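S.K.: Structure incoming, see below.
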Amino acid sequence: MKLRHSIAATALLAFAGAAHAQAPAPMPEHTFTANVGLFSEYIFRGIAQTAGEPAVQGGFDYAHASGFYAGTWATNVSWLQDFGAYSRSSVEWDFYGGFKSTFPGTEISYDLGTVYYYYPGDRFPGIVNADSWELYAGVGWQWVSAKFSYGLKDYFGARPNASAEDTEGSWYAELNVAYPIADSGVSLLAHVGYLDVANDGSDGDPATAGKVGYTDWRLGASYTVPDGALKGLEIGAYYSGNDAKKRFYTDLTGYDTTKDRGVVYVKKTF
């Protein structure tokens with residue numbers, strides 16, 4: 001009997017040890033990450049920001065175990081010079097922060113925060129500052145998420161109405177899908193969004209000629225390297241389109257920033 005008890009105790013200790021070894025490590029209180037990416041073109045809400053040229057992007061993020069986070073991100077742009085708004089401007093620099101968590105007893109996540117888009121450079125006289133500030137709220141479940149953004153300043157310097165009313169109060173709603181295919185590292189990507197620009201003269205009628213807002217969409221796929229020296233490297237491609245009116249979004253060089261286009265990219269988070 002003693003031998004049997006000894007064997008049982010040994011097995012129980014071995015099982016407990018194995019369970020302890022497999023238990024997930026506790027989440028660190030503070031997490032710092034960095035990211036960098038190379039894109040064939042920078043597309044923001046369906047509109048080209050680099051006139052068909054590549055974009056180098058990157059940022060830094062901080063997250064607290066409580067759910068609070070903050071970060072900064074930057075990319076090269078050309079649209080402010082291309083549209084004759086700035087004599088010198090080649091950078092978009094974003095600052096953001098918020099709180100994200102899950103609703104108790106569910107798998108539904110939520111995200112509340114704010115983002116400031118900063119465009120350093122020299123404006124031509126009479127041009128509205130392109131800097132923008134938004135509040136956002138989002139929810140997510142597994143591989144699908146939705147987000148609503150509300151502008152607290154002019155929408156990226158836009159003053160489309162002849163009365164020169166400001167565009168504070170513009171909003172953007174979006175639905176995003178990133179569906180993983182088993183454990184392959186491949187995800188299918190989909191997005192649809194709608195922009196409503198305040199005081200654009202449309203009076204809520206989509207058929208009105210003055211309407212600056214639009215619907216945009218995107219379909220694509222990505223692959224994340226699961227292990228090895230390139231672990232975490234993401235390679236992807238997508239095709240983007242919209243129904244925006246070309247006359248509002250064609251720059252001084254004649255480049256149509258609304259046209260449908262494909263984008264390829266590679267990025268890495270450290």
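S.K.: Identify, from the list TRP133, TRP141, the residue that is exposed (fewer than 15 other Cβ atoms within 10 Å of the Cβ) and either touching a residue at least 24 places away in the same chain (Cβ under 8 Å) or closer than 29 Å to THR50 by Cα (or both). Let's see the steps before the verdict.
M.R.: Values: TRP133 fails: exposed (fewer than 15 other Cβ atoms within 10 Å of the Cβ).
Every option except TRP141 fails the conditions.
S.K.: Shifting gears a bit: How many residues does the range 105-120 hold that are surrounded by fewer than 17 Cβ atoms within 10 Å (Cβ to Cβ) and part of a loop (DSSP other than H, G, I, E, B)?
M.R.: Result for the range 105-120: 4.
S.K.: If you take the residues of the range 226-253 that are among the hydrophobic types (A, V, I, L, M, F, W, C) and under 21 Å from the mean Cα position of the chain (by Cα), which of them is farthest from GLU174 (Cα to Cα)? Step through it out loud before you land on a result.
M.R.: Of all residues in the range 226-253, those among the hydrophobic types (A, V, I, L, M, F, W, C) come to 229-230, 233, 235, 237, 244, 248, 252.
Subset that is under 21 Å from the mean Cα position of the chain (by Cα): 233, 235, 237, 244.
Working: LEU233: 26, ILE235: 23, ALA237: 19, ALA244: 16 Å.
Restricting to residues being among the hydrophobic types (A, V, I, L, M, F, W, C) and under 21 Å from the mean Cα position of the chain (by Cα), the top hit is LEU233.
S.K.: Here is a further query. Mind listing whichever residues of the range 154-171 are closer than 17 Å to ARG123 by Cβ and either surrounded by 15 or more Cβ atoms within 10 Å (Cβ to Cβ) or at pLDDT 60 or above (or both)?
M.R.: So in the range 154-171, the residues closer than 17 Å to ARG123 by Cβ come out as 154-159, 164, 166-167.
Correct list: ASP154, TYR155, PHE156, GLY157, ALA158, ARG159, ASP166, THR167.
S.K.: If a residue must be in contact (Cβ under 8 Å) with a residue 24 or more places away in the chain and surrounded by fewer than 16 Cβ atoms within 10 Å (Cβ to Cβ), how many such residues does the range 144-153 contain?
M.R.: Selection size over the range 144-153: 3.
S.K.: Could you tell me how many of the residues in the range 176-194 are modelled with pLDDT of 95 or more and either in contact with a helix residue (DSSP H, G or I) (Cβ under 8 Å, 6 or more places away or on another chain) or loosely packed, with under 14 Cβ neighbours inside 10 Å (or both)? Outline the logic, then answer.
M.R.: Applying the first criterion (modelled with pLDDT of 95 or more) to the range 176-194 yields 176-181, 186-194.
Next, from what is left, pick out any that are either in contact with a helix residue (DSSP H, G or I) (Cβ under 8 Å, 6 or more places away or on another chain) or loosely packed, with under 14 Cβ neighbours inside 10 Å (or both): 179, 181.
Total meeting the criteria: 2.
S.K.: Collect the residues in the range 37-57 that are buried (at least 16 other Cβ atoms within 10 Å of the Cβ) and of a type in the set (Gly, Ala, Ser), keeping them in residue-number order. It would help to see each step written out before you state the result.
M.R.: Within the range 37-57, the subset buried (at least 16 other Cβ atoms within 10 Å of the Cβ) is 37, 39-51, 55, 57.
Hits for the range 37-57 are GLY37, SER40, GLY46, ALA48, ALA51, ALA55.
S.K.: Considering the range 233-253 alone, what residues qualify as being in a loop (DSSP other than H, G, I, E, B) and closer than 25 Å to TYR194 by Cα? Talk me through it step by step, then tell me what you get.
M.R.: Of the range 233-253, the ones in a loop (DSSP other than H, G, I, E, B) are 243-245, 251-253.
Answer for the range 233-253, where residues must be in a loop (DSSP other than H, G, I, E, B) and closer than 25 Å to TYR194 by Cα: ASP243, ALA244, LYS245, ASP251.
S.K.: Which condition number does TYR265 fail, the rest of (1) surrounded by fewer than 16 Cβ atoms within 10 Å (Cβ to Cβ); (2) at pLDDT 95 or above; (3) over 25 Å from ASP131 (Cβ atoms) being met?
M.R.: (1)
S.K.: Answer with yes or no whether LYS147 is charged (D, E, K, R) and either under 14 Å from the mean Cα position of the chain (by Cα) or not in a loop (DSSP other than H, G, I, E, B) (or both). Reasoning before the result, please.
M.R.: Numbers: charged (D, E, K, R): yes; either under 14 Å from the mean Cα position of the chain (by Cα) or not in a loop (DSSP other than H, G, I, E, B) (or both): yes.
It is true that LYS147 is charged (D, E, K, R) and either under 14 Å from the mean Cα position of the chain (by Cα) or not in a loop (DSSP other than H, G, I, E, B) (or both).
The values are calculated or read from the model by the stated rules, or taken from the named source; none is laboratory data. Everything quoted here is computed from the prediction, not taken from an experiment. Neighbour counts are summed over all protein chains in view; Cβ atoms, including those assigned to glycine, are modelled from backbone coordinates with ideal geometry.
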